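Worksheet for the structure shown next.
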Amino acid sequence: MMGLILSVFPGADLLGRAFEESGLCIVRGPDLVWGGDIRTFHPPPGVFWGIIGGSPCQDFSSLRRTAPTGYGVEMLAEFARAVTEAQPEWFLLENVPRVPSVSVPGYFLQRFNLAAKECGGSQARLRCFQFGNRLKPVPLVICRSPADSGLSHAALASEGTRKGRRSFPDFCALQDLPRDFDLPGLSRAAKYRAVGNGVPLQMGRVIARAVTAWAAADGGSRVCLCDCGRPVSGRQTMATAACRKRMERRRRDSARP
C-alpha cells in the first residue's frame with residue numbers, strides 16, 4: 001500500500017514535487033539550505049513507505065577540478081543509515097553517474113542512468129538513480145520519450161555565480177518549474193544552486209510514474225539485463241546496443257584481478 005514518502009537532502013525538492021504531482025504525500029527531512037542536518041536526524045521505523053533523495057554530488061562530478069573532500073561519501077553513508085533506521089519498502093537515490101553504489105542490507109538494488117532529454121526535457125543532463133526495494137526483486141520500468149527540440153546547456157548549480165547567466169525565470173523554466181518560482185530568503189546564488197541541484201521535474205515525473213507502476217506490478221515485467229529499466233520482450237535480454245556494451249564492460253571489470 002502506498003503511503004508517506006520521506007525526502008532527504010530536499011533543497012528545493014523538485015523530485016519530491018514530482019511525487020506530489022502523482023498524488024503522494026511527501027515529508028521533507030532536514031537540509032543544510034534551511035538550517036538542518038541529516039547527521040542529527042533519525043527517522044522512525046515503519047512510518048515511511050519510501051525514501052527519496054539526492055545526496056551532494058560535487059565529490060563525484062566529472063566537472064570537479066579539485067580533490068574530493070570525502071563529504072560526498074559521508075552523505076551516502078548518512079542516506080544508507082536513514083534507510084536502515086526507517087526500513088521503508090523502497091528507496092531512491094539520485095546523483096551523478098560517477099557516484100558509488102549504495103548498499104543497504106536486505107534491499108535489492110537497481111542502478112540506471114537517465115537523461116533529461118529522454119524525459120521530454122530540453123537540456124543535456126544525465127543523472128544516475130539507484131532504486132532499492134526489500135519486498136520483491138521487481139525492477140522499475142522506465143518509459144523514455146526523447147525530446148524533439150534542440151537542447152540547451154544543462155541547468156547547473158553554479159550558474160548563479162557566472163557571467164552571462166540565464167535569468168532566474170529562464171533557469172527555472174529549464175527545470176520545468178513555473179517562471180515565477182521563488183525561494184524567499186535565499187541569496188541569488190543560493191536560489192540558482194538550490195534549483196540547479198534539483199532533479200528536472202520532467203525527469204522526476206518519469207521516475208514517480210515508474211515507482212507507482214512498480215508498486216502495482218505483479219512481477220510480470222521484464223526489463224533489460226543492464227538494469228536500465230527498458231522493457232524487453234520475447235527472447236530479448238538487452239534493449240539496445242549500448243546496453244550490450246555496458247554489460248560487456250561489466251564482465252571485463254569483474255574479471256580483472
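The values are calculated or read from the model by the stated rules, or taken from the named source; none is laboratory data. Quick caveat, the model's predicted, so the values are computed rather than measured. Quick reminder, even Gly has a Cβ in these numbers, built from the backbone with ideal geometry, and neighbours come from all protein chains shown.
When you check Ala82 against the structure, is it touching a Pro at 6+ places or on another chain (Cβ under 9 Å), in the same structural domain as Arg39 (by TED's automatic domain parsing), of a type outside the set (Val, Ile, Thr) and modelled with pLDDT of 95 or more, yes or no?
Considered against the rule, which asks whether it is touching a Pro at 6+ places or on another chain (Cβ under 9 Å), in the same structural domain as Arg39 (by TED's automatic domain parsing), of a type outside the set (Val, Ile, Thr) and modelled with pLDDT of 95 or more, Ala82 comes out as yes.
Yes/no matrix, rows are residues, columns are (1) more than 30 Å from Pro88 (Cα to Cα); (2) buried (at least 18 other Cβ atoms within 10 Å of the Cβ):
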{"site": "Glu118", "(1), (2)": "no, yes"}
{"site": "Arg134", "(1), (2)": "no, no"}
{"site": "Gly150", "(1), (2)": "yes, no"}
{"site": "Ser158", "(1), (2)": "yes, no"}
{"site": "Arg162", "(1), (2)": "yes, no"}
{"site": "Phe168", "(1), (2)": "yes, yes"}
{"site": "Phe171", "(1), (2)": "yes, yes"}
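Inspect segment 82-105 for any residue being assigned to a loop (DSSP other than H, G, I, E, B) and of a type in the set (Ser, Thr, Tyr) and give the result as yes or no.
Among the residues of segment 82-105, at least one is assigned to a loop (DSSP other than H, G, I, E, B) and of a type in the set (Ser, Thr, Tyr), which makes the answer yes.
Yes or no: Phe41 under 18 Å from the mean Cα position of the chain (by Cα) and among the aromatic types (Phe, Trp, Tyr)?
no
Inspect segment 21-29 for any residue being hydroxyl-bearing (Ser, Thr, Tyr) and within 17 Å of the chain's Cα centre (by Cα) and give the result as yes or no. Walk me through how you get there before you give the answer.
Here is the first cut: in segment 21-29, the ones hydroxyl-bearing (Ser, Thr, Tyr) are 22.
Filter again for within 17 Å of the chain's Cα centre (by Cα), leaving 22.
Yes; the residues of segment 21-29 include at least one that is hydroxyl-bearing (Ser, Thr, Tyr) and within 17 Å of the chain's Cα centre (by Cα).
Output yes when any residue across segment 126-138 is assigned to a strand (DSSP E or B) and of a type in the set (D, E, K, R), and no when none is.
yes
Do the conditions hold for Val195, that is, is it in contact with a Lys or Arg (Cβ under 7 Å, 6 or more places away or on another chain), surrounded by 21 or more Cβ atoms within 10 Å (Cβ to Cβ) and closer than 23 Å to Val33 by Cβ?
No.
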